[in-house]
Ligand code: PEP
């Protein structure tokens, strides 16, 4: 299936103007690997300035409000983020599901609002360590995906990121077999909901992906790229991940 690899950095609450040099350097790496779609989901404060220096990378946001506008002090609408220069946004990251108590319904609503503002969307799902240890990971994450999936989900604006919560920022990752099993299960779940459209939808792996493990992860059949936190913060760390994705394309 001709799914273009998608590799996206999630800078979380990191990045001041000084880090724009890394944005520019990552943009140059992206331009050198056109077979891979590369992006950086940045703090909203950097989006405008980063857009001017993004090179071959797209700039994205890390969240948006589910409403189009209104009395939501401190929040940002999808239209604001798009106007600032974002072309994608993450929704449903586990840190927001935990810290801001976002529900599956919130996540689906955010995805729809983002699409209406012209943003592409990365929708995150993933299990806790307790769920993994209980042997319920595929069932729980599949259910979470179905409950978070917005109406009209389609491959030209939506990608899924499977991110085991216990692998985020810990240096631990599941076995390659476990990643393959999960991604195949999520593809099957998508097929059951949206039919053939699911064959074109990218399913990213996220959780301690780095230059040492990216090649092996990217080689898995249903792994269509990565959502990368810590290893995306500098061009030196992110470039090998992008190169691994390009190598997996062949
Ligand atoms: C993330 O938070 O999306 C993530 C994958 O982080 P890390 O790569 O640092 O585990």
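What follows is calculated from the coordinates using simple rules that are stated; it is not laboratory data. A quick note: this is a predicted structure, and the numbers were derived from the prediction, not measured. All Cβ positions, glycine included, derive from the backbone under ideal geometry; neighbour counts span all protein chains shown.
Things worth noting here:
- For residue 22, the conditions (1) closer than 22 Å to residue 99 by Cβ; (2) within 16 Å of the ligand (Cβ to nearest atom) all hold with the exception of (1).
- Scanning the stretch 213-228 for residues that are within 12 Å of the ligand (Cβ to nearest atom) and either farther than 16 Å from residue 90 by Cα or surrounded by fewer than 24 Cβ atoms within 10 Å (Cβ to Cβ) (or both) yields 213, 214, 217.
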